Number of protein chains: 2
Amino acid sequence: MNPDESCIVRHFDQYFRLSDDDKMLLVRLEDSVSPVKAGTSLWGERDKAYEFCTLKRGWAFSYRDLENGSRQILEIYLPGDIVGLREFAFSQRLAGVQMIEDGEVCFFPHRHLIDIFRRSLTLTSIMFAISSRQQVMITERLVNLARRNARQKLAHFLLEMCQRIKQTQSDGCESFRLPLSQELLADLLGLSPVHISRTFTALNEDGLVFRDRHNVTIPDLEALKHEAGFDDRYLIENMRPLFHEANV
Amino acid sequence: MNPDESCIVRHFDQYFRLSDDDKMLLVRLEDSVSPVKAGTSLWGERDKAYEFCTLKRGWAFSYRDLENGSRQILEIYLPGDIVGLREFAFSQRLAGVQMIEDGEVCFFPHRHLIDIFRRSLTLTSIMFAISSRQQVMITERLVNLARRNARQKLAHFLLEMCQRIKQTQSDGCESFRLPLSQELLADLLGLSPVHISRTFTALNEDGLVFRDRHNVTIPDLEALKHEAGFDDRYLIENMRPLFHEANV
DNA sequence: CGAAGGGTTGAGATCTGTCAAGGAACGTGG
DNA sequence: CCACGTTCCTTGACAGATCTCAACCCTTCG
């Protein structure tokens, strides 16, 4: 396969310009691309964990089902994201993962990560950076869930998605596609679907967010950021200084 | 320094029996042990991030201050824990860290981590495992904050601390020391101090948790686990299969 | 002895959840 | 093109959990 067509190569390349050797090393890990239908589960909550995967196309989410019947969505995955890093040190899945839309995924066994550690310092550092970035994103979501009211939670989440989409598609994000039902948003933000609806209505009335089906428009980003207490530092990693030292 | 006295060697050794070479490599990173007083801050929220540290003695916590004046505590660190991994890919701190009690810490520059990546596959894998374990713990805290009521939140947190203390001290934990004020617990669990107090009173009246100052007693672990929906799988990592492959 | 920090208790306010009914959009089959 | 079911969303009324404010108490420590 041509390295530049690989989804994982493209993803790593965003972090740091890869050498051809590194690209080849990554590509060799990519056995196969599997098409997956919307709603299919990539794995369930207590499955054996022996591989991870990258999303080539389509959105996905990870979740935990609770004993009281509710469900918490932990993470929304966009094309290019690596899924399943969480369980690297565990033999069992701690969260399920499900496709939101039709898409394509690439599976990699865990042991191939060890190969990477053995062979490329750059790729090892990027893997570590990706893992720590995921930790930072979960942390921000935790703060969002614990400390903000419904209005801020929703606004904050929309701004996060807007920023993430902008980073991968590199065009503006005043308006973007958000293929998530209100039920899903409720499970993500720890609210009831009913209250999600009310909150959208309120944001709409205040002219801050317009939602039509799966399209969201944010007319005044700064106003909404102020409303939500959104600070995008947590989405903007800066690995340059580190790699400097790694490569000289 | 004798490797077996190093706090970081002891910590890594919990994950996997280290070779003498690995121990020496780790020890060389440990320049100095600094004593720190209760209440001192190891770093603030927007400081430059160029090092991490391990806790040798004393408890610490990381936190985020919000624009609305509230504070969210992200993590409680116990002796042996590594602090600051979160910011490996960032040049700025995203959270402050403060000592809860008097203690001792060991600082390491980020670039020494790269040295480890270069020289030891075992240590690299352990670092990755530690990072993914931290991610799992934050995820569980997120679920706890988003989906459970005050009673369950508090019970779940106490059980987590009990389990963590047991893992490092390897004796029972029916009764253990918890040097956290109710205000700190409130900032940790996303509740008000007043409600923490009420919840302790309720748990006490039901005979599930007894608290006297900084001592907590849980007479019936199973009963409390049931009440809280606590499942300790997330604290029990299993790296054996992975290292098997790494080392043969 | 007084001050300060931490914990407890009560009353009222607020946010969000639950339940229930109804409406809008979409796909399917006739 | 229409009828129908399904899914998703909206709205209202009420209930419950937690917050805020305020007063008070206890312990510790200088």
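The values are calculated or read from the model by the stated rules, or taken from the named source; none is laboratory data. Predicted model only: the values in this text are computed from it and were never measured. Glycine also receives a Cβ, built like all others from the backbone with ideal geometry; neighbour counts cover every protein chain displayed.
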>> Please go through segment A:74-95 and give me each residue that is part of a loop (DSSP other than H, G, I, E, B) and either without any contact (Cβ under 8 Å) to a residue 60 or more places away in the chain or among the acidic types (Asp, Glu) (or both), ordered by number.
In response: A:ASP81, A:GLY84, A:PHE90, A:SER91, A:ARG93, A:LEU94, A:ALA95
> Does A:PHE157 satisfy the criteria of being within 22 Å of A:TYR77 (Cα to Cα), modelled with pLDDT of 95 or more and among the hydrophobic types (A, V, I, L, M, F, W, C)?
Replying inline: yes
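So which of B:SER132, B:SER125 ends up being among the hydroxyl-bearing types (Ser, Thr, Tyr) and touching a Lys or Arg at 6+ places or on another chain (Cβ under 7 Å)?
Just a single option satisfies the conditions, and that option is B:SER132.
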> Which condition number does B:ALA49 fail, the rest of (1) within 16 Å of DNA strand C (Cβ to nearest atom); (2) of a type outside the set (D, E, K, R); (3) in contact with an Asp or Glu (Cβ under 9 Å, 6 or more places away or on another chain) being met?
Replying inline: (1)
>> Looking at segment B:94-113 only, could you name the residues that are at pLDDT 90 or above and closer than 16 Å to A:SER132 by Cα?
In response: B:LEU94, B:ALA95
> Among A:VAL216, A:VAL194, which is away from DNA strand C (no atom under 15 Å from the Cβ) and not assigned by TED's automatic domain parsing to the domain that holds A:TYR63?
Replying inline: A:VAL216
> Which one is nearest to the other protein chains (Cβ to nearest Cβ), of the residues in segment B:160-196 that are acidic (Asp, Glu) and either part of a helix (DSSP H, G or I) or within 16 Å of DNA strand D (Cβ to nearest atom) (or both)?
Replying inline: B:ASP187
>> I'd like the full set of residues that are aromatic (Phe, Trp, Tyr), more than 10 Å from every other protein chain (Cβ to nearest Cβ) and over 16 Å from the mean Cα position of the chain (by Cα), limited to segment A:38-69.
In response: A:TRP43
> Residues of segment B:112-165 being free of Cβ contacts under 8 Å to residues at least 40 places away in the same chain, surrounded by fewer than 19 Cβ atoms within 10 Å (Cβ to Cβ) and away from DNA strand C (no atom under 16 Å from the Cβ), which ones?
Replying inline: B:ARG118
> In segment A:1-32, which residues are β-branched (Val, Ile, Thr) and surrounded by fewer than 17 Cβ atoms within 10 Å (Cβ to Cβ)?
Replying inline: A:VAL27
